[in-house]
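Since the structure comes first, as structure tokens, the remarks are kept for the end.
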Amino acid sequence: MPRERGADPPKRITSHDVAARAGVSQSTVSLVLSGSPRARIADATRTRVIEAARDLGYRPNLLARGLVQRRSFALGIVVSDLDNPFFTEVVSGAERVAADAGYGVLLGDAREIPAGEHVQRLRERQVDGVILAGVALDALPPDALAGANVVVVDEPSDTHPGVASDAFGAGRLAARHLLELGHRRLAFIGPASESHTFRMRERGFVAELREAGVALPSARLRRARPSVAGGERAMRALLREDEGTTAVFCANDLTALGALKAGAAAGMTVPGGLSVVGCDDIEMARYVTPELTTVRVPARGLGARAARLLLLALDGRDTGALTRKPLEVQLVLRGTTAPPLAESCP
């Protein structure tokens, strides 16, 4: 209902109001609501302050708080390709954690604007830290991250903390599944990319094949952009030049969806004539027919862990627990994999 003309504006709730409601000092309220790890506040007092703030509808003055703590209370996230639903999930996970901590998020998509430019603009806006997801550090200008608080996602770094999924294990899981089904004429479709994640997925796949004594000829190793169109082109070329392939592992789900499209256009039956495994488990994987067998990578978990790691680093706290072990991946069996046809077996 609109406020009547001439009526006084609603009173802004301050930390002093919260202190009065909770029966504590204003400094205690500030310590509790700042989330300071160094604040020694009794649990009962902390709960009373939080409940008072919630009951009164208190919203902190971030500008004033930022001036005191010399922070902007904003984080930057730069992803390699926002067209890929995997990265929207990474952003969503990070944004939820950031919002709960009172931080806003500024987003950069490196599809058309180089990641280095995004980082520079974010730093000019004085964000407190930056998360890089799917961005190869080698592709950034040498001094782009100098002095910045940075967390990397699925990229190795000697200078910045990071979080990772078990990309090598993802490749192994895909290969093991196809080998157990009886496939021996396997192919891989993945990008000739600087992305550490894609390289490790490929290495895991090849390592599992090698241990099983199964070769991966160069004709069955295809390079493509990590997109539906890239997967479709690579699969068309594979089917044209190597008709013996019975199964293919694609470096991500978008590539796998393109491979399925190319296979259907060529008259291949899936999974009878061709088995396809993707990687990531984006939502779209469940809405194709047949549904895509894939390796699930916890995208939201990666984003959430990256944000927690960055916030801990900003407070000068130990980050080791979040960086030591990669997040686990999981094979998701759906409808695009089956044993090869008898006439296809060597």
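Nothing in this text is a laboratory measurement; each read-out follows from the coordinates by a stated rule. The structure presented is a predicted model; accordingly, all values stated were derived computationally and were not measured. Glycine gets a Cβ as well: all are built from the backbone with ideal geometry, and neighbour counts include every protein chain shown.
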So which trypsin sites (Lys or Arg not before Pro) in region 287-320 are both in a DSSP loop and have at most 16 other Cβ atoms within 10 Å of their Cβ?
Arg317
Rounded to the nearest 0.05, what FRET efficiency is calculated for Glu194 and Glu51 with R0 set to 51 Å and r the Cβ-Cβ distance?
0.55
GluC sites (Glu not before Pro) within region 230-263: DSSP coil, no more than 12 neighbouring Cβ in 10 Å:
Glu243
Find the Cα radius of gyration of region 149-269, compare it with 2.2 N^0.38 Å by division, and give the number to two decimals.
1.11
Label model pair Leu333, Arg40: point-to-point distance (7 angstrom along the Cα→beta-carbon line) in nm is 5.6
Using modelled amide H (1.01 Å from N, peptide plane; none on Pro or chain starts), what sits under 5 Å from the amide H of Ala224, excluding residues fewer than 5 places away?
Gly190, Ala192
Given backbone amide H placed at 1.01 Å from N, residues whose amide H is under 5 Å from that of Val130, ignoring those fewer than 5 places away on the same chain, are Gly76, Asn149, Val150, Val151
Taking only Cα atoms of region 72-211, radius of gyration then Dmax in Å:
17.3, 56
Out of all DSSP beta bridges with both ends in the chain, state the antiparallel percent to the nearest 5.
10
Can you give me the relative contact order of region 222-265 as a percent, contacts being Cα pairs under 8 Å and 6 or more apart?
53
With 0.36 nm assigned to each residue of separation and the Cα-Cα distance removed, Thr323 to Arg210 gains 37.7 nm
Which value at 222 nm does the chain reach when only helices count, each DSSP H run of 4 or more adding -39,500 (n - 2.57), with the total divided by all residues and rounded to the nearest 500 deg cm²/dmol?
-13000 deg cm²/dmol
Near the amide H of Glu291, under 5 Å away, which other amide H atoms are found, from residues 5 or more places off or on another chain, if H is placed in the peptide plane?
Gly335
Quarter of the Cα convex hull surface for the chain, i.e. its orientation-mean projected area (nm²)
22.9
Please go through region 211-288 and write out the trypsin sites (Lys or Arg not before Pro) that DSSP classes as loop and that have at most 12 other C-beta atoms within 10 Å.
none
